[in-house]
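The values are calculated or read from the model by the stated rules, or taken from the named source; none is laboratory data. Here the structure is a predicted model, which is why all the values come from computation and not from measurement. Every residue, glycine as well, gets a Cβ built from its backbone with ideal geometry; the counts of neighbours run over all protein chains shown. Accessible surface areas use protein heavy atoms only, side chains included; no ligands, DNA or RNA. Shrake-Rupley method; radii C 1.70, N 1.55, O 1.52, S 1.80 Å.
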Amino acid sequence: MTQADAMKGSAAQAEPMIAMNHVEKWYGDYKALTDINLSVRKGERIVLCGPSGSGKSTLIRCINHLESYQKGEIRVSGTKVDDNARTIDAVRREVGMVFQHFNLFPHMTVLDNCMLAPMRSLGAGKAEAEATARQLLGRVKILEQADKYPSQLSGGQQQRVAIARALCMKPKVMLFDEPTSALDPEMVKEVLDTMIGLAEEGMTMICVTHEMGFARQVADRVIFMADGAIVEEATPEAFFSAPSHERTRKFLGEILRQH
Amino acid sequence: MNYKLDFTPVIEGLPDLLAACLGTFALALGGMALAIVIGIGGVILRDSALAPVRWAVKAFVELIRNTPFLVQIFFIYFALPLAGLRLDPTPTAIIALGINGGAYAIEIIRGGVQSIPKGQIEAGLALGLHKGQVFRLIVLKPALRAIFPSLTSQFVLLTLTTSICSAISAYELTSVAQQIETSSFRSFEVYGTITVFYLVISWVMMRFFGEITRRYFSYPVK
C-alpha cells in the first residue's frame, strides 16, 4: 500500500491511529527528521528500517514525546502531541514502548515492574493491577518468574517482561525500538515470537528493527529511512523483491549479507 | 610520669555520661533526618527549571562546604538572635548539623542520581508517569543505593561533629564530659573514656546503616 492509499483509507475510516504531517526535528543545527509524513491505521503493523543514524528511533520517540519536534504535527488517535504536559500524559498512556535495553526497574520484582504504572498512572487498584500483570506475564510465558528481580533474568526474558509491562497499560499502539538488537542470538526468537503473537492479535505496532524475517512475516508496510527522511515505503513483498531506490537496494544488500 | 589514674569522678559521673550519649544520638539522628530532607530536596531544586533556584542551591552548597562548622553554629546561635530568631542550644545544634550535613548530602545524592541510566527515566515517562513520580518511584532508590556507602561515612562524620555542639552547650557527650573534667581535673580519664564511647557510637551508627542497606537496598543486581 502506498502512502497515498493509506491516507485515502484513513480518510474513509475514522481518524488514523497515528498521523505525522510534515514533521521536522533538529538537534541544534543538525536536522534529524525531514518532512516526515506517516499515517498508521488501527491494527496496522509497520516495520521501520534504515542505516544507523537515519532517524528511525528519533521518529518513534517523537510519537510519545520522548523527543520534541519543531515543525509539523503528530496526532495519536486524534490527540495532538505537543509540549502540553496533559496531552503528553494522555498520549503516553495510550502508547506502549519497548526499548533496546529493556529498561526494567532493577529495584522492583518483575510483578512490581508490571504493576507500577497501572497503579500510579491509571489509578488502578492493587488487586486489579496484579491480575492484569499476571495475565500478561502469562501471555509472554514468563509468569513463573514474577517474583524475581530483573537482574536474575536473561536478556530475552527481560525483554518479554518489558513487553508485558507496556501491555499492562492496555495501550492502543506499541512502539518497538530495536527490541532484539541487544540480545544474544539465541534469545532473539523468543522475543520475536512474542511480537508476532501480538501482531496476530491485531495490535497496532511500529517496530524499528533489522529483523527482515519478522518484517516479511507480519509487516503490512516496510518503511526505509535514510538521513532523517522516509526514502521508500512498500509492502514487504515489493520492498524485498523490487526496491525502487538505490539506497534501499544497498541497505538490503548489506543487511541480508549478514544473515 | 607521676600522673596517677583515678577514675572515681568518671565512675561517679557515669550515669550522666551515658545519658549524654543519648543526647549525642538524638542530635545525630535529628541532624541526619534534616540532612536527608535537605539533600533530596536540594537535588530536586538543583535541576529546577528556574535558574535563580538552581543558583541558590549551588550557592548554599558552596557556602556551607567552604566554611567551618563551628562558625556556622555560632552564626545560628549568636548572630541570628540579633535578627530576632532565638533558639535553644539543642534545636540550634540539630539545625546546624542538618544544614551542614545536607549540603554534603546534596552533592553525594546528586552523584547517585546522575549514575542512573537515562533509559530508566525514559521507561518511566513512556509508561505515563510524571517527572516527580519517575524521580520518587524509579530514580531515588537505585540512586541512594549507589551512594549509600558515601552517605554512611558522611553521616558517621556528622555523628562525630555533634561534639562541636558542646561549644554552645548543647546537651551531648562532650559537653557533659567537659563539666566533669572542669570540676575534677581528671582530663586523661574523662577524655579517654568518652573516646571509647565515641568509638562505640560510631560503630552503632555503622551497624544502623548496615541494617538499612540490608533491608532496603538488598535487591540483586548484576
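Total buried accessible area between A and B, probe 1.4 Å, nearest 100: 2000 Å².
Viscosity 1.567 mPa s, temperature 4 °C: Stokes-Einstein D of the stretch B:12-216 from its Kirkwood Cα radius, in µm² per second? Write out the running numbers ahead of the final one.
Values: Rh = 18.6 Å.
The Stokes-Einstein estimate is 70 µm²/s.
For the protein assembly as shown, the mean residue ellipticity at 222 nm estimated from helices alone is -18000 deg cm²/dmol, where every DSSP H run of n ≥ 4 contributes -39500 (n - 2.57) and the total is divided by all residues, rounded to the nearest 500. Counting Cβ atoms of other protein chains within 10 Å of each residue's Cβ and taking the mean over peptide B:136-144 gives 3. Short-range pairs are left out: with C-alpha atoms under 8 Å and at least six residues apart, the relative contact order of chain A is 25 percent. Can you give me the angle between helix B:89-114 and the longest principal axis of chain B, using Cα atoms only, in degrees from 0 to 90, rounded to the nearest 10? In chain B, helix B:89-114 runs at an angle near 40 degrees to the longest axis.
Heavy-atom accessible area per residue, the stretch A:193-259, 1.4 Å probe: how many Å²?
On the way: 3020 Å² over 67 residues.
About 45 Å² of surface per residue is accessible.
The charge dipole of the protein assembly as shown, taken about its Cα centre with unit charges on the Cβ atoms of Lys, Arg (+1), Asp and Glu (-1) only, comes to about 340 debye. Average accessible surface for the stretch A:50-173: 38 Å² per residue, computed with a 1.4 Å probe over protein heavy atoms with every protein chain in place. Any chance you could give the angle, 0 to 90 degrees and rounded to 10, that helix B:173-184 forms with the longest Cα principal axis of chain B? Approximately 10 degrees, to the nearest 10. Ordering B:121, B:139, B:204 by Cα displacement along the dipole of chain B toward the positive end leaves B:121 in first place; charges were set at the Cβ atoms of Lys, Arg (+1) and Asp, Glu (-1).
FRET efficiency for residue A:37 and residue B:56, Cβ-Cβ distance as r, R0 = 56 Å, nearest 0.05?
On the way: r = 46 Å, r/R0 = 0.83.
Approximately 0.75, to the nearest 0.05.
Using R0 = 45 Å, the C-beta based FRET efficiency linking residue B:184 and residue B:216 works out to 0.50.
Sites listed here are GluC sites (Glu not before Pro) in the stretch A:187-259 whose DSSP assignment is loop and whose Cβ has at most 14 other Cβ atoms within 10 Å: A:201. Projecting the Cα atoms of A:118, A:158, A:100 onto the dipole axis of the stretch A:86-186, where Lys and Arg carry +1 and Asp and Glu carry -1 at the beta carbon, places A:118 farthest toward the positive end. Carbon-plus-sulfur accessible fraction, the stretch B:30-96 (probe radius 1.4 Å, protein heavy atoms only): 73%. With all protein chains in place and a 1.4 Å probe, the accessible surface of the stretch A:21-138 carries 46 percent carbon and sulfur. Counting only lysines at least 8 places from residue A:56 when in the same chain, those with an alpha carbon closer than 20 Å to its own are A:25, A:31, A:71, A:250, B:118.
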